[in-house]
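The values are calculated or read from the model by the stated rules, or taken from the named source; none is laboratory data. Nothing here was measured: the structure is a model prediction, and the numbers come from that model. Heads up, the Cβs are rebuilt from the backbone with ideal geometry, glycines too, and the neighbour counts pull from every protein chain shown. Quick note on the areas: whole protein, heavy atoms, side chains included, nothing else; ligands and nucleic acids left out. Shrake-Rupley method; radii C 1.70, N 1.55, O 1.52, S 1.80 Å.
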Amino acid sequence: MVGGAWAVAALVAFFGARALDSPVGAGPIDEAQPIQVGAIVEPGAELTGRPSELPPLSLVLNDLPPPQVVNLMREERVEALEGLAGNDDAGLLLHLGAAYQSVGDGRSAAEAYQRAAAADPDSSAPRVGLLMVDAASGSEGRARATAELAALAEERPGDQVVTFNRGWLAVYERDTAVALEAWEQTRRTNARSPLGLAAGQLVGEIRRGIDGG
């Protein structure tokens, strides 16, 4: 069942990423809505398992970007965030880094995450972002990032950005067990946050797919 479970995890992550790219919950965390993952697979569809068949690997955050950029196309979002993040606001820089990653610009993403780390040294999110940049570089980068995210999750088990992105990366590594473990931890930490709601729905969809229903 390993192959089938991988296909379910990958497809769930694909639809979940599409929803995360256009989030539905724009209010405070306690008003967040669960992400609508949608159909797991259309009749006859099949995933062969290459990471290139998934969306671009990028950092997933626990908050929305500024409202004026939420509905922009990826390239337009990059341009808008470049203007907004000029004051070295750590949160904006994280969204800028994720936007760069969404268009495949890893070098600029790394620079944005490094600036975010300088602006907020106590936050783990810039470090996770840099790991996701490394992961996007290829199989060796994914292996390094997988190991470092596992260690970071041990160090900061209550950090949802760490645990959710660990699960997200696990999908690219075809590791359904780690994805479930990481997203279960995300949900346990705070089931009502945007990432907690997303993790809960993703876990539910994966388990239903594994169970055949």
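Key figures
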quantity: Criterion: of a type outside the set (Ser, Thr, Tyr), touching a residue at least 40 places away in the same chain (Cβ under 8 Å), over 23 Å from Glu82 (Cβ atoms) and open to solvent by less than 30 Å² (accessible area, probe 1.4 Å) - qualifying residue of Ala109, Ala135; calculated: Ala135
quantity: Total residues in the range 151-171, condition surrounded by 17 or more Cβ atoms within 10 Å (Cβ to Cβ) and farther than 24 Å from His95 by Cβ; calculated: 0
quantity: Hey, Gln201 open to solvent by 20 Å² or more (accessible area, probe 1.4 Å), modelled with pLDDT under 95 and not acidic (Asp, Glu) or not; calculated: yes
quantity: Residue within the range 172-190 that is closer than 30 Å to Glu79 by Cα, at pLDDT below 95 and buried (at least 18 other Cβ atoms within 10 Å of the Cβ) present; calculated: yes
quantity: Single residue of Val60, Val78 found to be more than 21 Å from Arg142 (Cα to Cα) and in contact (Cβ under 8 Å) with a residue 24 or more places away in the chain; calculated: Val78
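Quick grid of which residues meet (1) more than 26 Å from Ala116 (Cα to Cα); (2) part of a loop (DSSP other than H, G, I, E, B); (3) modelled with pLDDT of 50 or more; (4) open to solvent by 90 Å² or more (accessible area, probe 1.4 Å):
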site: Ile35; (1), (2), (3), (4): yes, yes, no, no
site: Gly38; (1), (2), (3), (4): yes, yes, no, no
site: Pro43; (1), (2), (3), (4): yes, yes, no, yes
site: Val60; (1), (2), (3), (4): no, yes, yes, no
site: Leu72; (1), (2), (3), (4): no, yes, yes, no
site: Glu82; (1), (2), (3), (4): no, no, yes, no
